[in-house]
Amino acid sequence: MAATPAPVASVLDSAKFHAGRFWTARFSSFAVVGLALYAFHNFVTPNLGIYDVRLIVLAFLFGTLAVSLNLINGITGQFSIGHAAFYLIGAITAGKLTVTFYKTGIVQMPGTLWLLVMVFAGAAAAAVAGLIVGLPSLRLRGDYLAVATLGFGEIVNVIQRNQDGGKQSIAGLDLGGAYGLQGVPKLTEIWFVLLLFIVTVALTRNLITCAHGLSFLAVREDELAADATGVNATRTKVTAFILGAAIAGMAGALYAHYNGSVPPDDFKMDTSFILVAMVVIGGTGSITGAAAAGITLKLLEEGLRKVPAIPAIDLYALILLAIAAFAGYRALARRRKLNLDGKLRPIWVTLGSILCVFVVWLGYKNYGSDLSWVLKVAAWVFMALLLACILSTSSRVAYLARFGFFGFCLALIVLAKPLVAGPLRGIEPVVELVGQTTYRAADLRWAIFSLALVFVMIIRPQGVFGHHEFSWTFVKRFFAGRVGEGASA
Amino acid sequence: MSVLDVQNLTIRFGGLVAVNNVSFQIEQGDLFGLIGPNGAGKTTVFNMVTGVYRPTSGSVKFNGREITGLSPNRVAGLGICRTFQNIRLFSALSVLENVVIGAYLRHRTSLFSALTYLPPACKETERLKNEAMRLLEVMDLSNVADARSADLPYGKQRRLEIARAMATQPELLLLDEPAAGMNPQEKEDLQKTVRRLRDEFGKTVLVIEHDMRFVMNLCEKIVVLDHGEEIAFGPPEQIRNDPKVIEAYLGEPV
């Protein structure tokens, strides 16, 4: 007799409906969000530097975009890799309308109100585009749909690139051509972006806690079975496209009014791919996963600009040492001489604990040498929370041992670097080949970024969150290494 | 008026005539069997009735209403629901969620109220969940309601498919090889369950099955297909002794 399978966390709301409790919760959450945004706007925003603002705006815009793409890719299972097109359509529609009507004074109204109107205009334009892309999805599946959406993304981008008001432009519409639409008034405040992010997460979360959302998941799981069970698969897919596109359009409208221009380079294929990477890494179908991955990856992408320049030879020495360390680890592991649980464990645990504190300190010190105190404090609190998380889970001992061992290896690699780099400098052909080349962080940024992505995918192919949503039990199980996609895993 | 009236149903895939001129009528409350050797076209008939394939010619009427060529979800909405030969559950979802999706066919709330999570959507989700839970009890699956459906043992997955189809509250239930891969005990339980669906819930049932003992014990009327042609029709005793059927399929009397 097989054991009873372990339960999975249901997305459906488990609470019984109770009017009083429902409305209390609803209004108190409104109040909390409102108060938080008000406080942020009045106390935090004035203290932010220009770079901080850019980081926050981009991070949360991409968080929003990732969640909206997740609605199409992760929840409904329609593999779309042209999401930047919806973002662009929202941005260009809103930007053009503002330049034409608001800036010239044809329409007079307060900036914030106008921006709100523009957000909905961007959403409407992108939703129409979503409908246009959604329709072929009725016939196309999997890879074929991916190619179609890819094509759509490029078409939209190329059209904008060539709309410079010249003779070749469609209807002589001037969208700024390759330079992009310029001179959009900067109306976007940070709290607008934060609000959009919160609303997006809330809407998608609402959707899948209702029976409604299950029909989207059903289409992802098995389209034919969903159809035979009475779910209108066609309508569900098109709805997903329209919703996802509309949210991306809103993000686009905010971006246009934040950036002041809409350059087509910001909406190229790589933007679409980054978004797909965010969804996949966060865990397809996990809203919190996509949101977290969106914010983190965007911050990582920007933050890597701060990596110091490194001489080529030093880098090669590091790589050689890393390979040697890895080979040594494999050899030791094979001969069972590597014993993280044995007598050495206390040493590793101590090392690991020290390293944990060190990492937090390092993060606090280095994260944003020229960031404002707001971001520094936020980053520090975040890392302190992370440490608290690690220390409060039951498997901390095993984890700290591993962490300590890993840190020891890392320290070994860094400390031994001069010993290898010195002789390398003595080898004539190598010096001739590499010379005094120094890698600047800006050059290596994408390489490191891509390596990080590859690493995450190798370690957790199902994405960091898998199909799960964030919860504290999830954190515990994650650190205990017991998060499978099913009970049998 | 018959519940399901299939007239001269024919489908060609290129040069292959998969089903040729098949006609049968299912009356209210029938336990109807559709049998035949492998490749006889049984599942193809199912696919045409449920709208997955559009027949080349012929017609399917449900309660006197023409349903030929309707999309599967429309057919399901009218009251015909099916299970699949190769189990097609929503495998990453829980058992309960699978059944809720079946019940979702009767949802009333709009997408807007789901997105904003207004009370109607809330209450409806609760109602559908309760309905689903009751069905799981009928199908004896309530103790695994929260398990991931792919983690269930095979027999329970089959039962879950039936539960999901039942959740759409169909008038006519199509079961495609429901007993495949089950052990004798499970088959017996399944037989009781299917009878119960008819006797207690008033469903009409059309079953495709390979297991002769299962079909002969369960069904009251049987149609036999061979190479896409209908070769016999009648009650089990008659089918058992039909020389054509014996020749095509059984080989010797059961």
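The values are calculated or read from the model by the stated rules, or taken from the named source; none is laboratory data. Worth saying up front: this structure is predicted, and the values here are computed from it rather than measured. Methodologically, a virtual Cβ is constructed for each residue, glycine included, from the backbone with ideal geometry; neighbour enumeration extends over all protein chains shown.
Remarks
- Which numbered condition residue B:189 misses (of (1) under 18 Å from the mean Cα position of the chain (by Cα); (2) farther than 13 Å from residue B:42 by Cβ; (3) surrounded by 19 or more Cβ atoms within 10 Å (Cβ to Cβ); (4) not assigned by TED's automatic domain parsing to the domain that holds residue B:99): (3)
- Each residue in region A:70-85 was checked for being touching a Phe, Trp or Tyr at 6+ places or on another chain (Cβ under 9 Å) and either under 16 Å from residue A:152 (Cβ atoms) or among the basic types (Lys, Arg) (or both), and 8 pass.
- Criterion violated by residue B:42 - all others in (1) within 28 Å of residue B:191 (Cα to Cα); (2) more than 19 Å from the chain's Cα centre (by Cα); (3) of a type in the set (D, E, K, R); (4) crowded, with 22+ Cβ neighbours inside 10 Å satisfied: (2)
- Candidate set from region B:91-108 (those that are in a loop (DSSP other than H, G, I, E, B) and modelled with pLDDT under 85); member that is surrounded by the most Cβ atoms within 10 Å (Cβ to Cβ): B:107
- Scanning region A:182-190 finds one or more residues that are assigned to a helix (DSSP H, G or I), at negative phi and more than 14 Å from chain B (Cβ to nearest Cβ).
- Any hit, region B:46-60, residues being in contact with a strand residue (DSSP E or B) (Cβ under 6 Å, 6 or more places away or on another chain), in a strand (DSSP E or B) and crowded, with 18+ Cβ neighbours inside 10 Å: yes
- Given (1) at the interface with chain A (Cβ under 9 Å from one of its Cβ atoms); (2) under 21 Å from residue A:223 (Cα atoms), number of the condition residue B:159 does not satisfy: (1)
- Residue count for region B:71-90, restricted to those that are touching a strand residue (DSSP E or B) at 6+ places or on another chain (Cβ under 7 Å), more than 8 Å from chain A (Cβ to nearest Cβ) and either at pLDDT 90 or above or under 19 Å from residue B:203 (Cβ atoms) (or both): 4
- Complete set of residues in region B:8-28 that are of a type in the set (Gly, Ala, Ser) and surrounded by 14 or more Cβ atoms within 10 Å (Cβ to Cβ): B:18, B:23
- Which listed residue is modelled with pLDDT under 95, under 22 Å from the mean Cα position of the chain (by Cα) and outside the structural domain of residue A:372 (by TED's automatic domain parsing), from A:112, A:76, A:45: A:76
- As for region A:126-147, it holds at least one residue that is in the same structural domain as residue A:248 (by TED's automatic domain parsing), surrounded by 15 or more Cβ atoms within 10 Å (Cβ to Cβ), closer than 21 Å to residue A:182 by Cα and touching a residue at least 40 places away in the same chain (Cβ under 8 Å).
- Options B:60, B:52; residue that is farther than 28 Å from residue B:235 by Cα and either away from chain A (no Cβ under 11 Å) or at pLDDT 90 or above (or both): B:52
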